[in-house]
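Encoded as structure tokens, the structure appears first; notes follow it.
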Amino acid sequence: MKSSTATGTTATASVVAPYRGRFAPSPTGLLHQGSLLAALASWLDARAHGGSWLIRMEDVDSPRVVPGAADAILATLARFGLTSDEPVLYQSGRRAAYHEALQRLVDAQLSYRCRCAREARSLPAPCLCRDLVVTDADSAWRLRLDDAAIVVDDLIQGRSSYDPRLLGDPILYRRDGLAAYQLAVAVDDAHQGISDVVRGADLLESTAWQIAILQALQLPVPRYAHIPLLTEPGGAKLAKSRRSVALAGLDERGTLAEALGLLDIALPEELKAAPVSDMLHWSVTHWSTARLSGIRAIALPN
């Protein structure tokens, strides 16, 4: 079989202009503080570069979609002045595109069927199915990575190198017939011409998989910037009770001012009572990824 070329070189962005950023929430619940921070950072970076900012609803995992959550997320973002410059893209309407991408990888012998149990699929590769001829319809599809390290040059977190043998071959299609998150994201970033992806550092490892998929499909690789993770005041993982606070019930100005502060943007006192649009306009001129360079986590105030 042919070997994937997805990991043979450093992941250097092949898209330069025009700037097109995106925020891609999953409608599995209401928007929380961490998601607002990621959306805000993505929006600020797009506006600071004079670019477009898009919203994509990642609802491809239909069993986990909460009815009404997508509309609630969009309404909450709008309250904070964050609206998409183009019609919102819903992954649930893109299934044919994901299947076509999978077929391209199958035809190029860059993917293989995997019949491992769900628990085993989460473990590091190599997957035993790589060297088997699996014909079971009840099986997943994986991308066949080669042995070269996947190097990600992140604009905030710096350079990271991933060993494919430890990272594991990413799932492209699940056993239930749904496109996997990694494939859908990669295909949609290319489809929408996304040049820059600004999101949370918890997705940094996923970036390596998405780069591998993009390269295997011979699609452009965006620039990536992963902002620090939001944590509890003491640095512990954000508790579910705090993470799931419904932003719909919080004051927009105070919440936005706090989020900007977490991104190292200190609003002048006179702006803290100004309309949200004025707060955002001022913040665009003070946004810089360099302020967050190398920071992996930022804590909520007490």
Check: P268 passes all but one of (1) in contact with a helix residue (DSSP H, G or I) (Cβ under 7 Å, 6 or more places away or on another chain); (2) over 28 Å from S160 (Cβ atoms); which number fails?
Finding: (1)
Notebook entry, point to check: Among the strands (runs of 3 or more DSSP E) contained in region 13-118, which hold 2 or more residues that are of a type in the set (S, T, Y) and either more than 30 Å from A297 (Cα to Cα) or under 16 Å from the mean Cα position of the chain (by Cα) (or both)?
Noted result: 111-114
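This table checks each residue for (1) touching a residue at least 40 places away in the same chain (Cβ under 8 Å); (2) within 27 Å of S52 (Cα to Cα); (3) in contact with a strand residue (DSSP E or B) (Cβ under 9 Å, 6 or more places away or on another chain).
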position	(1), (2), (3)
L166	yes, no, no
Y224	yes, yes, yes
K237	no, no, yes
T255	yes, yes, no
A266	no, yes, no
Next item on the list: Assess whether R174 counts as being under 21 Å from V60 (Cα atoms) and touching a residue at least 12 places away in the same chain (Cβ under 8 Å).
Entry: yes
Next item on the list: Those residues that are among the basic types (K, R) and either at pLDDT below 90 or over 30 Å from A69 (Cβ atoms) (or both), I need them from region 273-302; list them, please.
Entry: R291
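The values are calculated or read from the model by the stated rules, or taken from the named source; none is laboratory data. Remember, predicted model here, so these are calculated numbers, not experimental data. Here the Cβ is made from the backbone with ideal geometry for all residues, glycine too, and neighbour counts use every protein chain on show.
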